[in-house]
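Below is one structure, written out as structure tokens, with a few remarks after it.
The values are calculated or read from the model by the stated rules, or taken from the named source; none is laboratory data. If you're wondering where the values come from, they're calculated on a predicted model, not measured in any experiment. Methodologically, a virtual Cβ is constructed for each residue, glycine included, from the backbone with ideal geometry; neighbour enumeration extends over all protein chains shown. Note: accessible area is taken over every heavy atom of the protein model, side chains too, but ligands, DNA and RNA are not part of it. Shrake-Rupley method; radii C 1.70, N 1.55, O 1.52, S 1.80 Å.
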Amino acid sequence: MKKNNLLKIIFVSLMMVVLIGLAGCGDKDKAKADKNVKTYTAVTEPTFPPFDTTDEDGEIAGFDMDLMNAIAEDQGFKVKYKSLEFDALIPALESKQADIITAGMNAEDPARQAKVDFSDTYYDSGLVVLVKKDSDIKGVDSFTPDMAVAGQIGTTSADLVNELKADNKIAKAVVLNKNSEAIQQLENGDIQAVIMDQPVAKNYLKHKKHGQKIKTVGEVLNAESYGFAVQKGNKELQKKINDGLANLKENGKYDKIYKKWFE
Ligand code: GLN
């Protein structure tokens, strides 16, 4: 009897040693696999809600990040995010300091296409005029040559305000680092209008503190399509992003992320 018990104890001990060994291997394999997963650096300018903003912990968050993270999961890579001023985003890719731009960036701009490659479109947008609540300005056609109008540096909005100034349609093109600064100056009465992407203007107006003071006027201007930018020639990453985006649109994850940030 005693011999049987001894054999049983030896057998159970051996099984435990094998199981602990296997678990250890499993952890090691997982760590090794994780080590092999490529992590790309993405850059953004996070005063562009709901695409690119910061959460209550100050972490970079938004529609662009959730969409890129879902693409990364679908395609087996990881992404870490850094914030830069908008006009520093493309130089960061050109100098190979970053791999991806996730910043609601218009992909249909030839000057940009010469420096970086874009993914397929992930959002169709356009520009809109913001003015103070009590303003008589009806849109860009009712701008007057005494006005100061703002747009964010390096963006299609800045391009438009500089164009209006060059055509003497306005007195001053005010180019600022952040959309939030432009909103502040408009609300303070330092400038008479802001040009900004329509979905972002709508997001700012959702917040009472802005919605009570400013409004959008006129039609959506200069339709544009947002793409994720990659370093010029990085066809491998561009394809991963395009394939991942197509899969998310197919399997409903794109719609789920859209609902989270826009509805
Ligand atoms: N869509 C605009 C552009 O591409 C603005 C982008 C932004 O401010 N993040 O220039």
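Mind ranking D64, D120 by accessible surface for me, highest first, 1.4 Å probe?
Solvent-accessible surface, decreasing: D120, D64.
Once you have the Cα-Cα distance between D146 and D109, take 0.36 nm times their residue separation minus that, and quote the gain in nm to one decimal.
This chain segment gains 10.4 nm when fully extended.
Have a look at A173, A229, A150 and tell me which one the Gaussian network model of the chain (Cα, springs below 10 Å) gives the largest fluctuation.
Among A173, A229, A150, the largest GNM mean-square fluctuation belongs to A173.
Where does helix 2-36 land angle-wise versus the long Cα axis of the chain, in degrees 0 to 90, nearest 10?
So the inclination is approximately 30 degrees.
Using only Cα atoms and rounding to the nearest 10 degrees, what angle (0 to 90) does helix 156-166 make with the longest principal axis of the chain?
Taking the Cα atoms of the chain, the angle to 156-166 is about 20 degrees.
Of the beta bridges DSSP finds with both residues in the stretch 117-263, what % are antiparallel, to the nearest 5?
Rounded to the nearest five, the antiparallel share is 65 percent.
Taking the Cα atoms only, what angle lies between the long axis of helix 235-251 and the longest principal axis of the chain, rounded to 10 degrees?
Computed tilt is about 90 degrees.
For the stretch 45-129, take every pair of Cα atoms, bin their distances at 5 Å starting from 0, and report each bin as a whole percent.
With 5 Å bins starting at 0, P(r) equals 3, 12, 23, 27, 22, 10, 2, 0, 0.
Using the crude model of +1 on Lys and Arg Cβ and -1 on Asp and Glu Cβ, and no other charge, please compute the dipole size for the chain relative to its Cα centre, in debye to 20.
Using only the charged Cβ atoms, the result is roughly 1560 debye.
What residues of the stretch 202-244 lie in the reach of a label at K256, counting those whose backbone N is under 18 Å from a point 7 Å from the Cα along Cα→Cβ?
Those under the cut-off are 244.
Antiparallel DSSP bridges in the chain: what percent, to the nearest 5?
Roughly 60 percent of the beta bridges in the chain run antiparallel, per DSSP.
Would you list, by chain and number, the lysines whose Cα falls below 17 Å from the Cα of K115, excluding same-chain residues fewer than 8 positions away?
Result set, ordered by chain and number: K96, K232, K235.
Just to make sure I understand: if all protein chains stay in place, what is the order of D109, D55, D146 by accessible area at 1.4 Å, largest first?
D146, D55, D109
Among G227, G58, G104, which one shows the biggest mean-square fluctuation in a GNM of the chain, springs joining Cα atoms closer than 10 Å?
G58
Grab the other residues whose beta carbon is less than 11 angstrom from that of F262, score K and R as +1, D and E as -1, and report the net.
+2
For the chain, with a Gaussian network of springs between Cα atoms less than 10 Å apart, report the residue from D52, D159, D141 with the top mean-square fluctuation.
The residue with the greatest mean-square fluctuation here is D141.
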